[in-house]
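Right, one structure below, let's go through it.
The values are calculated or read from the model by the stated rules, or taken from the named source; none is laboratory data. Treat the numbers as computed from the prediction; the structure is a model and nothing was measured. FYI the Cβ positions are ideal-geometry reconstructions off the backbone, even for glycines, and counts take in every protein chain you see. Just the protein is used for accessible areas: all its heavy atoms, side chains included, with ligands, DNA and RNA removed. Shrake-Rupley method; radii C 1.70, N 1.55, O 1.52, S 1.80 Å.
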Amino acid sequence: MIKIIKYHVSVAAALIRESILSRMEYPFMLIGHVLANCIQWVVGFATIKFVVDSFGSIGGWGYESLAFLYGMSVLSHGLAVVLFIQTWYMAHCVVEGEYDMFLLRPMGVLFQFLFEDFNLIGITDMIPGLMVFFYGCSKVHMTVSFTNVCMILFTLIGGTLIRGAVWIFCGSLSFWTKSTANFTDMVGALFERVSMYPLTIYPKWAQILFTFFLPLAWITFYPVKGILGMEGSVIPAPMAAISLAVGVVMFALSCGLFRIGMYRYESAGS
Amino acid sequence: MKAFLFVTKIRIQSALAYRFNVISTILIQCLLMFAMACFWNAAYGGTESVSGVREQDMLTYTMVSVIMGNLLTMGVEGRIESSVKSGSVALDMLKPVNIYGIYLAEDLGDMAVALFQIAVPLLMIGTAMFGFPAPASAGCFLFFLVSFSIGYLINWILAALLGMCAFKVISMGPVRNVKGFIMKLLSGSVIPLWFFPERFRTVLEFLPFVNIYQLPLGIYIGQYTLEEMVRRTALQMFWCAALWLIFQSVQKKAAAAVLIQGG
Amino acid sequence: MDIIKVSHLVKEYKKIKKEMGLKGAVKNLFVQDAEYVRAVDDISFEIEKGDIVAYIGPNGAGKSTTVKMLSGIMRPTSGEILINGISPQKERKRVVKNLGVVFGQRSQLNWNLRLGETFELLKRIYQIDGALYEKNIKMLDEIFQFREFIDTPVRQLSLGQRMRGDLAAAMLHSPEILFLDEPTIGLDVEAKYSVRKFIKEINARSKTTIILTTHDLGDVQELCKRLIIINDGKIIEDGSLDELVDRIAPYRQLVIDFYHPITVGHPKAELVSVEEARAVYKFRKDEITAAQLIEDISHTAPIKEVGLREAKIDDIIRTAYRGSAQL
């Protein structure tokens, strides 16, 4: 068991090293991404501020809590982009037959694929994320305590896994559709709507949908609600822990779908 | 002209082949439309009007904005980038037709497809969910069409200009993203400028971006008086012409550069 | 022992019929007709350890499909493949550990990085221990001589250098079997020559079993003792190149220049033409050898010069392809 883990860690380290070196070959891209991401999230945050300034509150959430929610969302988005950006190109990989190379090596295909493109540049997403996050923390007077740190970590890991799972899920669809349709932008927009604004703005049925069937509300909404000590909990347990569990389960399910898809890939050929 | 029409027709045919893409796009766009509607609903929270805009108008604004977003998809940036990357750009320039004309024809073809495949279904579903997004008046609607067309051109030229950055940097992944984000905020496609603080608004109204979404949409929901509509549309035309001139000069420089380097 | 055993291998593809024109495009939105195409149709063969086998056929004959199934990338519709007694479909990881694959049209090297980085990664993936890795690198460098460009980013390598790098990468874990899919495609004469030399050397040094698909019959002539020809998904020839030549083109032509114009006949050879002092004979290889023929004729008239004409390999293979098409 330890041997297997050691083996995977050593391969992952080599893959990560390779992808960082590869990206360093294009320094212009790095600078471009830093700019792009900072602009994106600052711009996004500004819109929320303007709307709240005009309207007072959104879905019963005031400016301070919204800032914190936004910060958490950008952070988990950044993490997901660092770890899972290659899932955005899964459709392309299927159509172009790029999984062939992984199949020729004595290792799990998904593992090789996930680590093949470790996206150092994604860290640039974290810069504005941290800025907004700390701003939000100060606005809600977050105190540094063991519980709070744990809860925030759980939320971040859970949220990252949920995002990654949805991406893998969408990417795996191309095993069946054989189309290069890229849902990245659309899924991104959906994530934004559900994780940066409180779920309470949606009608009851949509809240149920995003809680149980397409559990995107666990990326930020419920755990942040728990951390901020807001009332109206659905389930009597620490929300952040449930968020983590939801993330793990969804990720496992998406890996399962990938495996089934891979079987189809091997049958179809290109 | 015949060549361009043919390109448009081919484009329509190939787009129709992707049935899966169409269905999923409609679904997700509906979700987005719904999410935005909920957002405004929650923001208004029963208030009659904020900053002089009624909730019903905001719903219309959102629906039409989402539909417009699907019509204003631009392939030209990607096309230029990939032809520079693959080196086929020199060949393209040798063709006996204006290559940018071909790109525009392709994008218009895509828009024609999107109109029937996405815009119409979205309009129907939106109507079923929130009621028909009626324009303020027939006159407003006509003005909207004019303004939308000019806005389309502005958007296209901006995309083409951005695409031509590829001649300089070859790979421009993040640049396109930056443009997307800036467009999203500054054009008022998600949140109209009248909710922005005074100072921001004044600055933004002098930039070309508002002419793509905000202006046609504002006209559609009857936000402007007739006099204002004429004035703003004139300004929009000015922007369109100015960008066109810039585009022409950049295009000539790019073509010259390609001929010297040989692609 | 047979290191590769393929029995009754079949691969069927589903092909969706698309209708033409704008009307067809609209119709395709709602209904799609599918038809099945057999890319590989009941193929069986065995390959012995240490052999170099050419797997050839016209475009679309099913070559790449077979190689993909052999290397575990693709699942057959039916039939069985055993590599070292293990099925690549059932135990992919175990089989590929012992497999090196090179696709001439696609590289497994990291485009942006130096060759050494890919080697380092492969070392970890295949769990090659340090001492063996050093030994293999040293041996492979003797063959491929990649040290001169090991620190250059792969994207800056020439096609020939890249192919050497790819071959070395595929051999790094000392696999017993090597699949080469068009290894000389697009290479210039010099690079082609050296790649062929490398392939021979690998085979000689480590007894590696090699299967190569190619369109270049020079590869076949230079490298392969055995030849499998496939067309329309079926094996149409399987044997040595010599056998094939003997069967499809059993005749040879002998050109003899005498000192004077003269007509000399021979019971086992047909006199095709006589032009002044030059005579051309056609004979069957299995009936008489060229040496015997020359000797017999020289008894009658003194010979100044001889030349032997053989059927061109390209023509022979073309005949083989066409022969199957006629059936």
**OP:** Among the residues of segment A:56-67, write down those that are open to solvent by 30 Å² or more (accessible area, probe 1.4 Å) and free of Cβ contacts under 8 Å to residues at least 60 places away in the same chain.
**Re:** A:GLY56, A:SER57
Original post:
Give me the pairs: first residue in segment A:251-270 and within 13 Å of chain C (Cβ to nearest Cβ), second residue among the aliphatic types (A, V, I, L, M) and assigned to a helix (DSSP H, G or I), beta-carbon distance under 7 Å, and six or more apart or on different chains, which are they?
Top reply: A:MET262/A:VAL109; A:TYR265/A:VAL94
**OP:** Enumerate the pairs (first residue in segment C:100-127 and modelled with pLDDT of 90 or more; second residue anywhere and among the hydroxyl-bearing types (Ser, Thr, Tyr) and not in a helix (DSSP H, G or I)) with beta-carbon separation below 6 Å, excluding pairs fewer than 6 apart on the same chain, so at least 6 apart or on different chains.
**Re:** C:VAL101/C:SER71
**OP:** Among residues belonging to segment A:33-55 that are without any contact (Cβ under 8 Å) to a residue 60 or more places away in the chain and more than 8 Å from chain B (Cβ to nearest Cβ), point out the one that is surrounded by the most Cβ atoms within 10 Å (Cβ to Cβ).
**Re:** A:VAL52
Original post:
Does any residue of segment A:17-32 turn out to be of a type in the set (A, V, I, L, M, F, W, C), within 8 Å of chain B (Cβ to nearest Cβ) and open to solvent by 80 Å² or more (accessible area, probe 1.4 Å)?
Top reply: yes
Original post:
Of the residues A:VAL81, A:VAL95, which is β-branched (Val, Ile, Thr), more than 15 Å from A:TYR197 (Cα to Cα) and within 18 Å of the chain's Cα centre (by Cα)?
Top reply: A:VAL81
Subject >> Matching residues, segment C:141-163, being part of a helix (DSSP H, G or I) and either farther than 13 Å from C:GLY116 by Cα or touching a strand residue (DSSP E or B) at 6+ places or on another chain (Cβ under 8 Å) (or both) >> reply: C:GLU142, C:ILE143, C:PHE144, C:VAL154, C:ARG155, C:GLN156, C:LEU159, C:GLY160, C:GLN161, C:MET163
Original post:
Which residues, counting only those in segment B:19-53, are under 24 Å from A:LYS204 (Cα atoms) and not in a helix (DSSP H, G or I)?
Top reply: B:GLY45, B:GLY46, B:THR47, B:GLU48
Subject >> Unmet criterion (only one of (1) of a type in the set (Ser, Thr, Tyr); (2) under 18 Å from the mean Cα position of the chain (by Cα); (3) more than 11 Å from chain A (Cβ to nearest Cβ)) for B:THR25 >> reply: (3)
Original post:
Does C:LYS282 satisfy the condition of being within 30 Å of C:ALA191 (Cβ to Cβ) and either of a type outside the set (A, V, I, L, M, F, W, C) or open to solvent by less than 70 Å² (accessible area, probe 1.4 Å) (or both)?
Top reply: no
Original post:
Would a scan of segment C:281-288 turn up a residue that is at pLDDT below 90, part of a strand (DSSP E or B), of a type in the set (Val, Ile, Thr) and not assigned by TED's automatic domain parsing to the domain that holds C:VAL67?
Top reply: no
Subject >> Failed item in (1) crowded, with 19+ Cβ neighbours inside 10 Å; (2) under 23 Å from C:LYS63 (Cα atoms); (3) not β-branched (Val, Ile, Thr), with C:ASN136 passing the rest >> reply: (2)
Subject >> Members of segment A:124-148 that are without any contact (Cβ under 8 Å) to a residue 40 or more places away in the chain and among the polar types (S, T, N, Q) >> reply: A:SER138, A:THR143, A:SER145, A:THR147
